[in-house]
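Down below is the structure, laid out as C-alpha cells.
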Amino acid sequence: MDEIKNPSYLINKDYESINLVTFDEWIEDSEKLSKLGVGIILKPQDDIYSIQEQLELIELIALDFSNFDDGRGYTQAYLLSKRWKYVGEIIAINAHLDQLQFMIRSGITSYQLLESYKGSIDEDYSHGFSLCYQAAANNNGLHLQY
Amino acid sequence: MYKYSEKDRQFLVERVDQFEKQLNRYLSGDLDEDKFRSLRLRNGLYMELHAHMLRVAIPYGILSSNQLRALADVADKYDRGFGHFTTRQNIQFNWIQLPEIANLLRDLTDVGLHAIQTSGKATRNITADPLSGLTEGEIEDARPYCELIRRWFNLHPEFSWLPGKFKIAINGAKLDETALRIHDLGLRLIKNKKKELGFKVYVGGGLGAAAMIAAETASFIPSEDILSYLESVMRIYNLRGRRDHQKKLRIKFLVRELGASEFSRLVNEDWHQTKDDQELKLNLKELQSLKEDFALPIQSINLNGFQDDIDFNYSIWKKNNVRNHKVSGYSIVNISLTKLGAAPGDTTSEQMRILANLADQFSSGEIRTTKRQTIVFPFVRKDKVFNLWESLEKYDLASPHQGTMAQIVACPGRDYCSLAKAVSIPIATRVQERFNDMKKLLDIGDLKINISGCENSCAHHHIADIGLLGMQKNGEEYYQITLAGETLHETNIGKKLGPSISGEGIVDSIETIVNVYIDNRKINENFTDVFKRIGIEAFKEKVYG
C-alpha cells in the first residue's frame, strides 16, 4: 500500500502490518479470518450492514473511494464511525484530493490519496472550510453554524 | 429579509477560493475533465453550446435591490448584458468565460449571493412559494424552515455525492404554488390536532422522460425532527439509489422500484436510530432569529377613502398584475418581463437596474422571482400602485401579460442549450404573435403554456395547461403536446394528446386547442375543468381530425 496519512488530529494506530482481505473473502470465511486479525477493504456496493455485528472482530476497515462520483463511502464511514462507534481505523483508500474534508467529516481516520495527487498540498482540501452547517461524525476544529 | 452573517460570507469566500484552485488545476492539466465537470457543476457552472453558463441561486426567490444591481453588474461585466430568470428561483448567465469565473463569484459574495449546489448530484436550491409571508390563510411562512434546511445540506459531508440531483420544495400555503409533488422531496407545512407544527413528506416526484408524482412517505413529522428525517431519506437514497443507469439516477426510480411503503419502512428504520439525537434537532434559537430576519418590513396602514385611478390601460394591467396583500393598505404587484420576440425570463442589465430602483422607491427594496419567470414587488402601498404603473409604462415594463396565455414559460432551448432537441423561445414568440390581442387574451383568461426543448423538462411542460416538449424526428424539430397538467389544487401530470407535431404546425395546433376550450367552457370553468368534463378525445378530434 502507498503512503497512508494520519493527520495528527486523527486517531493513530500501528496498522501497517495488518493484512487486508476483500469484503467477499471476509463474508466467505469470517470465522477463520477473524482469528488471524485482518482488515477489510469495502467497495461502495458492499453491504455494510452485513458486518455490523462483527465489527469487534475486524482490525481495520478500508473504504475504497476510487470512483469520484460514488458517494456511498461517505455513508459507510458515517455508519461505522458515528452510529456503530467502530474503534478501529477507518481508512479512505484511493482517495481524491478534492473530497478529503468530506471524508474526514464523515468519520474516516486516515487516508491514502491516489497516486496522481502526489506532490499536491493536502491542507487546502482537508481543511478547506473553517465553518460547517451540519452535525457530522467529525467536526473537529470547525466553527459550528447550526 | 435574510442577511448573511460575516461567518456565512467567510464560507462563501472559502468556497470561491477552493473552486479557483480547482479551476487553475484544470486549466493547467492537473485535474481531468470528468472530475472538473463534477466539481464545476456543484458550483453552478455548465459548458453550453457557445460558452459557459453559470446558474446563481436566488433563495426562495427573494432579492434585495442591491443584489439585483449586483446581478446587473455581473451581466454587464461578464455576460452580454442580460440574465435569464429560471423556473426554479435561479438566474442564469449564458456567456461566461472560464478564466473569469472566480472574479464573478467573488463579486457575488459581496452581496451574499452564490452558485453553490445550483447544479450537480447534491441538494439543489430549495424552493418556496414566492408569495411566502404575503398572503392570507398561510399555515406558516416556509422560508425560515427552507433556510435551516438549505444550510444543513450545504456541503453536507455525507450527502454531497448522491446518485442524482436532489430538489426540495417547501410549501406553507394552502394552494401549492411550489409544485411540491413533482420534486424529489416535497414538504408541506401542516398542523396536527394539537396545533403543533410539522411536515407532510412526499418523496420521489419528478418530471423528465418518466414523469412521476411523489408518494407520501410520512403524514406528520414534527418540525423539530425534520432534519433527521431528511437525512434518513437521503441515506437510503445514497446507499440504494441506482448508479448503474444514467437515466435512472433520481430518487423517483428507487421509490418506484422498492414501492413507496417499503421505501418509507427503510427510512423509518434508519430514522428511529437518529430521531432522538439532540444534535439533529432543529435549532429553535436559530429558527427564531430567522423568523425575525424574514419578518415583513411593513405595517398595516389605513387608506380609507382612497380612490384608485380609472385609466383604461392601467385598469387592464391592474386586473392581471395586482393581488391583495394580507397587510391592509398594501398590494402585491406582478411584473411580466415577457415581450414579443424576447426570451421568457430574459432580463437586460438596464431592466434589472430600473427594477432595483423602482423596488427601492415602491417595495421596501425587495423583489421576488416566480416559477412563471415573472418579478413580484411584494410591498407596494395601494395608493402608489398607479405611480408604479406609470413608471413601469415609461420603461416598457408594464406588460399586462401576467395571468394570460401570453405569459409563456420556456427554457433557453436549442438556441442556447447543448442538451435541447428543439427551439423553445421562437415557438413562444410565434404563439405571442398569434395571440397579440389583449381583448382576446383577457377573454381566454389564465391559461398556462410551458415549452421545454428536451426531456429534461426545465420549463415544467408536464404541469401546464398546454405543455410542449421539443424533440427531433429525421432532423426536423417536432413538439409533443400534453394537456391539463396542474399542481395548485392537486397534482396531475399533463396527458399526451397524440403524435408529435412539426414546428411549422404547432402554433395552429395550439390555437385549435384554445378554441376547443373556449367553445366548450361554461362560466368560471378553467382549462382543467373543461378538459376533465369533455375528455381528451374532443381535443384530439380537432387537432388531428
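The values are calculated or read from the model by the stated rules, or taken from the named source; none is laboratory data. Since we're looking at a predicted model, the values are computed, not measured. Cβ: placed from backbone, ideal geometry, glycine included. Neighbour counts: every protein chain shown. For accessibility, only protein heavy atoms count, side chains too; no ligands or nucleic acids. Shrake-Rupley method; radii C 1.70, N 1.55, O 1.52, S 1.80 Å.
Before moving on, here are some points about what is shown:
- Charge dipole of region B:115-179 (Cα centre as origin; +1 on each Lys and Arg Cβ, -1 on each Asp and Glu Cβ, all else neutral): 500 debye, rounded to the nearest 20.
- Relative contact order (%) - criterion: Cα under 8 Å, at least six apart; region: chain B: 12 percent
- Where only C-alpha atoms are counted, convex hull volume of region B:312-394 per residue in Å³: 100 Å³
- Backbone geometry of region A:66-80 corresponds, through the Karplus equation with coefficients 6.51, -1.76 and 1.60 at θ = phi - 60°, to 3J(HN,Hα) couplings of 4, 7, 3, 8, 8, x, 5, x, 5, 5, 4, 5, 4, 4, 4 Hz, x marking Gly and Pro.
- In order along region B:495-502, the phi-based Karplus estimate (6.51 cos²θ - 1.76 cosθ + 1.60, θ = phi - 60°) of 3J(HN,Hα) comes to 8, 5, 7, x, x, 5, 10, 5 Hz; Gly and Pro are listed as x.
- Solvent-accessible area of the protein assembly as shown (1.4 angstrom probe, protein heavy atoms only): carbon and sulfur portion equals 46 percent.
- Unsatisfied cross-links (Cα-Cα over 19 Å) in the set B:421/B:540; B:319/B:384; B:21/B:167; B:7/B:285; B:371/B:440: B:421/B:540; B:21/B:167; B:371/B:440
- Region B:447-500-region B:223-247 distance, computed between alpha-carbon centres (Å): 29 Å
- Under the criterion of Cα pairs below 8 Å and six or more residues apart, the relative contact order for region A:25-146 equals 19 percent.
- Derived scalar couplings ³J(HN,Hα) [region B:191-202; Karplus, 6.51 cos²θ - 1.76 cosθ + 1.60; whole Hz; x for Gly, Pro]: 10, 8, 4, 7, 6, 7, 8, x, 10, 8, 10, 10
- Residues of type aspartates and glutamates that residue B:252 reaches as a straight line, Cα spacing below 16 Å, ignoring anything fewer than 8 places off in the same chain: B:184, B:216, B:244, B:262, B:455
- Per-residue ellipticity at 222 nm from helix content only, as computed over chain B with -39500 (n - 2.57) for each DSSP H run of at least four residues, stands at -10500 deg cm²/dmol.
- The average projected area of region B:7-162, computed from the convex hull of its Cα atoms over all directions, is 10.0 nm².
- Cross-link check: pairs B:165/B:382; B:318/B:495; B:200/B:522; B:339/B:495 evaluated at a Cα-Cα cut-off of 31 Å; pairs beyond the cut-off: B:165/B:382; B:318/B:495; B:200/B:522.
- A simple count of charges around residue A:75, restricted to other residues whose Cβ falls under 9 Å of its Cβ and scoring Lys, Arg +1 and Asp, Glu -1, yields +1.
- Taking 4.7 Å between beta carbons as the limit, the unpaired Cys residues of chain B are B:146, B:417, B:454.
- The solvent-accessible area of residue B:458, taken with every protein chain present and a 1.4 Å probe, is close to 70 Å².
- Bridge orientation summary for region B:409-544: considering DSSP beta bridges with both residues in this region, about 70 percent are antiparallel.
- Local electrostatic count, residue B:507, Cβ distance below 9 Å [Lys/Arg +1, Asp/Glu -1]: -2
- The relative contact order of region B:312-394 comes to 31 percent, based on Cα pairs under 8 Å that sit 6 or more residues apart.
- Per residue value of the accessible surface for region A:20-144 (all protein chains in place, 1.4 Å probe), Å²: 40 Å²
- At a probe radius of 1.4 angstrom, the accessible area of region B:348-389 per residue rounds to 30 square angstrom.
- Euclidean distance of C-alpha centroids, region B:25-91 and region B:380-398, integer Å: 31 Å
- The alpha-carbon of residue B:174 sits under 13 angstrom from the alpha-carbons of these aspartates and glutamates, leaving out residues fewer than 8 places away in its chain: B:129, B:136, B:138, B:140, B:141, B:490.
- Value of [θ]222 nm, deg cm²/dmol, for chain A, DSSP H segments ≥ 4, -39500 (n - 2.57) each, nearest 500: -5000 deg cm²/dmol
- Burial of accessible area (probe 1.4 Å, heavy atoms of protein chains only) in region B:157-203, relative to its chain alone, reaches at least 20 Å² for B:157, B:158, B:161.
- Dipole of chain A, positive direction: furthest Cα of A:107, A:26, A:90, with charges on the beta-carbon: A:107
- Shielding by partners, peptide A:133-146 (average Cβ within 10 angstrom, other chains): 5
- Scaled against the 2.2 N^0.38 Å expected of a compact globular protein of N residues, the Cα radius of gyration of region B:409-544 reads 1.00.
- Proximal lysines to residue A:85, defined as alpha-carbon separation beneath 16 angstrom and excluding residues fewer than eight positions away on the same chain: none
- When accessible surface is computed with a 1.4 Å probe, chains B and A are found to bury approximately 3500 Å² between them, both chains counted.
- Amide H contacts of residue A:60 (H built 1.01 Å from N, in plane; Pro and chain starts excluded): A:39, A:40 sit under 5 Å, all sequence-distant by 5 or more or on other chains.
- Members of region B:223-261 that become less accessible by 40 Å² or more once partner protein chains are added (1.4 angstrom probe, chain alone as reference): B:235, B:239, B:243
- Amide proton proximity set for residue A:113, modelled H, under 5 Å, gap of 5+: A:5, A:95
- The C-alpha radius of gyration of the protein assembly as shown, expressed as a fraction of 2.2 N^0.38 Å, stands at 1.00.
- At least 50 Å² accessible surface lost relative to isolated chain, residues of region B:1-33 (1.4 Å probe): B:7, B:11, B:14, B:18, B:21, B:25
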